[in-house]
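The values are calculated or read from the model by the stated rules, or taken from the named source; none is laboratory data. Please read these numbers as outputs of a predicted model, since none were measured by experiment. Cβ coordinates were reconstructed from backbone atoms using ideal geometry, including for glycine residues, and neighbour counts include every protein chain displayed.
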Amino acid sequence: MILTVLALLLMGLILFPQVGMAGASQGLILCARRVIPALFPYFFLTQLLLPYLPKGRKHPCLPAYVMGFVGGYPTGVATAVGLYEEGLVGKREANTALGLCNHSGPGFFLTVIGLGLFGSVRKGLVLYGIHVLSALLLILLCGQKPQGKWELRQLPKERKGFAGSFYDALAASCEGMLRVCGVVILFSVGTALIKPLLPMSLWQAVGWLELCNGIALLTEGDRAFVLCALFMGWGGLCVHMQAMSLWQRAGLKPKDYWRNKASHGVLSGLLAGLFVYGGWKIFCICTGILSLSCYFYKKWGRKKGALAL
């Protein structure tokens, strides 16, 4: 199946080279205007701070979850991989975090979605709140059971000076950024080749592949609000390829990653639909019921270790 798709894309590049060039140019513009400015500072600061982050037995990958919510795709994955490479967490903890820490940050919701699509920062903020809430519910349901108490742990290897750490972090962040931009450009080319084959009514489905192009095709309205929540929770195949390029380099293999991201998208879309069509009261009541259901299901409704990642 994959070979067939690749062969068709290659044929498309041969038959329509101008379309492929336009897609690559669009990908480069996307990297220069949105991807690099949004991600590179977080990549660099994350790599620079990793040697000084505390590691606790109770929440060993907490920095990865925090950076995922703050830095956006795929900063959480980059942080989890960095924690593993620095010896701050084990392989099991890193694989667990990889399936649950890959989220979007507030910048994309407030600027690209809030101001760019809806002309309202408030709507972007509400969507970001739904995104975070659905991710926390998923972490509550599927996350690894904490053990022990919070404690600090020193790195087993000798720390470098600040200058050495600075340039190591710069090199690592540049390498990670290059991988991410390469994937973005490739998906922009693929999107440019696929769009003419789809009816205009299905163009919005491009959001399943790549977020920026898919969201740009949405129109303002309640349906667009729900689709934004769904697309951002899922992340898009382009984001997942970026994440894979980071964790495969470290020899990690997260369990149930695809299931978790699909669940995040469905749950985000469901909560957004409740907010739009049910109002605040229905949204709060259903969210409370869902939170209690996740808590009690994890505590009593399954065998020990059944869903452990």
*Can residue 95 be described as polar (S, T, N, Q) and assigned to a helix (DSSP H, G or I)?*
yes
*Candidate set: the stretch 67-89, residues that are assigned to a loop (DSSP other than H, G, I, E, B) and under 12 Å from the mean Cα position of the chain (by Cα); chosen: the one surrounded by the most Cβ atoms within 10 Å (Cβ to Cβ)*: 74
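Each row is one residue, and each column tells you yes or no for (1) touching a strand residue (DSSP E or B) at 6+ places or on another chain (Cβ under 9 Å); (2) modelled with pLDDT of 75 or more; (3) closer than 17 Å to residue 81 by Cα; (4) β-branched (Val, Ile, Thr).
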position: 17; (1), (2), (3), (4): no, yes, no, no
position: 24; (1), (2), (3), (4): no, yes, no, no
position: 29; (1), (2), (3), (4): no, yes, no, yes
position: 44; (1), (2), (3), (4): no, yes, yes, no
position: 48; (1), (2), (3), (4): no, yes, yes, no
position: 56; (1), (2), (3), (4): no, no, yes, no
position: 64; (1), (2), (3), (4): no, yes, yes, no
*Would you please name the residue that is surrounded by the fewest Cβ atoms within 10 Å (Cβ to Cβ), looking only at residues in the stretch 11-50 that are of a type in the set (Phe, Trp, Tyr) and assigned to a helix (DSSP H, G or I)?*
40
*Does the stretch 140-156 contain any residue that is modelled with pLDDT of 80 or more, surrounded by fewer than 18 Cβ atoms within 10 Å (Cβ to Cβ) and not in a helix (DSSP H, G or I)?*
no
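So, residue 252, is that one aliphatic (A, V, I, L, M) and farther than 18 Å from residue 214 by Cβ or not? Steps first, please.
Details: aliphatic (A, V, I, L, M): yes; farther than 18 Å from residue 214 by Cβ: yes.
So residue 252 passes the test.
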*Pick from 118, 109: which is crowded, with 19+ Cβ neighbours inside 10 Å and within 19 Å of residue 270 (Cβ to Cβ)?*
109
*Run down 176, 190, 207, 214 and say which single residue is closer than 24 Å to residue 117 by Cβ, touching a residue at least 60 places away in the same chain (Cβ under 8 Å) and in a helix (DSSP H, G or I).*
190
*What are the residues in the stretch 197-217 that are over 20 Å from the mean Cα position of the chain (by Cα) and either at pLDDT 80 or above or among the hydrophobic types (A, V, I, L, M, F, W, C) (or both), if any?*
197, 198, 200, 202, 203, 217
